[in-house]
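> Encoded as structure tokens, here's the structure I'll be asking about.
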Amino acid sequence: MTLAATTAAAHGFLSPTGVEVAFVLVGLATLGAALVTVTTRQLVHAALWLVVALGGLAVEYLLLTAEFIAWVQVLIYVGSVVVLLLFGLMLTKAPIGRSPDADSGNRPVALAVALAAAAALVWVVVDAFRTTWIDLDGPAQGSTDVIGQILFRHWVLPFEALSVLLLAALVGAIVLSRKKKEDER
Amino acid sequence: MHLAYPAVLAALLFAVGLYGVLARRNAILVLMSVELMLNAVNLNLVAFDVWLRDALHAGQALTLFTVAVAAAEIGIGLAIVLMVHRNRGTSDVDRLRDTREQPSAEEKAEAAA
């Protein structure tokens, strides 16, 4: 009880730290970019706004002292996943400019489900972690050194299994997208 | 930092992705929304790992694994979308209705009568 009282006295909603202010600002930008991603009618713009959202998340990881995850986020998501999505948009002959049929007919239902999910999740999360603070002082918890040590000391087997999974996915993607010759059909 | 900030941001991002998955019609836009949902989960994992100061850093290791699985998912998903587009000439998920439930013959007869 006294511990909770002292931590509550040390932190407070009314005296946010610089990290908290930065986190909230970047979080607002990320959320706005995500909203534009799912609502815009221009397909290529959706992919470009996705870059903003994922880059904002990389900054959030940096603020949470998870450096390595942040750089992985930039490399994998911003660098390759979005490029893959843009390739997909171009290969499926997505229209440049506004496309009137970007949203399907069940938009009101989707909005209701999403609002209900957001309300329920935010209520539960805020109620559960009202008096919990992350201690960000001390050495960074996600530096490349630390992550490399734990990844290759404690998580070697999942890591290797994952590399086999990636190989299988790569081969599967190649097999799926290969054009069959006419006589093989 | 207050733990509620990353947790609330992750919940809201997840809801935005959920809306995108349900409301979008182009299959590639649906894949983008799935990426948003996966990233919300990653933010939760990292925040709770940093909060708990886990000795094994299970949250961050799991985040790396999730990122790799998401990369595999986007590769396979795009390959499938491209194949559907090549065979059907559309990547519109509303028009892929091969497995929908057909109205039975009795209901048709009742409707006709």
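> With a 1.4 Å probe and all protein chains left in place, how much accessible area per residue does the stretch B:4-112 have, in Å²?
Details: 4760 Å² over 109 residues.
About 44 Å² of surface per residue is accessible.
> Let me have the relative contact order for chain A, percent, based on Cα pairs under 8 Å that are six or more residues apart. Don't skip to the end; give the middle numbers.
On the way: 103 pairs, mean separation 40.2, N = 185.
Relative CO of chain A lands at 22 percent.
> A follow-up question, please. Could you work out the equivalent-ellipsoid semi-axes for the stretch A:10-99, taking the square root of 5 times each eigenvalue of the Cα gyration tensor, largest first, in whole Å? Can you show the working numbers first?
Numbers: eigenvalues 196, 53, 6 Å².
Semi-axis lengths for the stretch A:10-99 are 31, 16, 5 Å.
> Continuing with the same structure: Under 5 Å between amide hydrogens, which residues at least 5 positions from B:H2 or on another chain qualify, with H placed 1.01 Å from N in the peptide plane?
Hits under the 5 Å cutoff: A:I134.
> Taking square-rooted eigenvalues a ≥ b ≥ c of the alpha carbon gyration tensor, is chain A rounded, prolate or oblate, where a/c under 1.5 means rounded and, failing that, a/b exceeding b/c means prolate? Write out the running numbers ahead of the final one.
Numbers: a/c = 2.39, a/b = 1.42, b/c = 1.68.
It is oblate, given that a/c is not under 1.5 and a/b is not larger than b/c.
> Shifting gears a bit: I need the helices of chain A that pass two filters: whole DSSP H segments spanning 27 Å or more by Cα along the axis, and mean Kyte-Doolittle score no lower than -1.0. Numbers along the way, then the final one.
Numbers: long enough: A:18-39 (32 Å, 1.98); A:43-63 (31 Å, 1.95); A:107-128 (31 Å, 1.92); A:156-177 (32 Å, 2.31).
Helices meeting the criterion: A:18-39, A:43-63, A:107-128, A:156-177.
> Also, I was wondering about something else. Suppose a student asked you for the relative contact order of the stretch A:47-116, using Cα pairs under 8 Å spaced at least 6 residues apart; what percent would you report?
Values: 26 pairs, mean separation 19.8, N = 70.
Averaging sequence separation for qualifying contacts and normalising by length gives 28 percent for the stretch A:47-116.
> In Å², rounded to the nearest 100, what is the total accessible surface buried by chains B and A against each other with a 1.4 Å probe?
Values: alone 8570 and 14490 Å², together 15960 Å².
Summed over both sides, the interface buries about 7100 Å².
> Charges only on Cβ, +1 for Lys and Arg, -1 for Asp and Glu: so what's the dipole of chain B about the Cα centre, in debye to the nearest 20?
Its charge dipole is roughly 320 debye.
> Counting only C-alpha contacts under 8 Å and six or more residues apart, can you give the relative contact order of chain B as a whole percent?
Details: 81 pairs, mean separation 28.0, N = 113.
Across chain B, relative contact order equals 25 percent.
> Here's another thing I want to ask about it. Within the stretch A:69-140, report the chymotrypsin sites (Phe, Trp or Tyr not before Pro) that DSSP leaves as loop and that have at most 16 other Cβ atoms within 10 Å.
Working: sites: A:W71, A:Y77, A:F87, A:W123, A:F129, A:W133; in loops: A:F129.
Counting only loop positions with at most 16 other Cβ atoms within 10 Å, none of the chymotrypsin sites (Phe, Trp or Tyr not before Pro) in the stretch A:69-140 qualifies.
> Would you mind giving the mean number of other chain beta-carbons within 10 Å of the Cβ of each residue in B:65-74, as a whole number?
Values: counts 7, 0, 8, 8, 4, 3, 8, 9, 2, 10.
The per-residue average across the peptide is 6.
> How well do other chains shield peptide A:45-58, expressed as the mean number of their Cβ atoms within 10 Å of each residue Cβ?
Working: counts 0, 7, 3, 0, 1, 6, 0, 0, 7, 3, 0, 3, 9, 1.
Shielding by partners across A:45-58 averages 3.
The values are calculated or read from the model by the stated rules, or taken from the named source; none is laboratory data. Computed from a predicted structure; not experimentally measured. Virtual Cβ from ideal backbone geometry, glycine too; neighbours counted across all protein chains shown. With ligands, DNA and RNA removed, areas are computed over all heavy atoms of the protein, side chains included. Shrake-Rupley method; radii C 1.70, N 1.55, O 1.52, S 1.80 Å.
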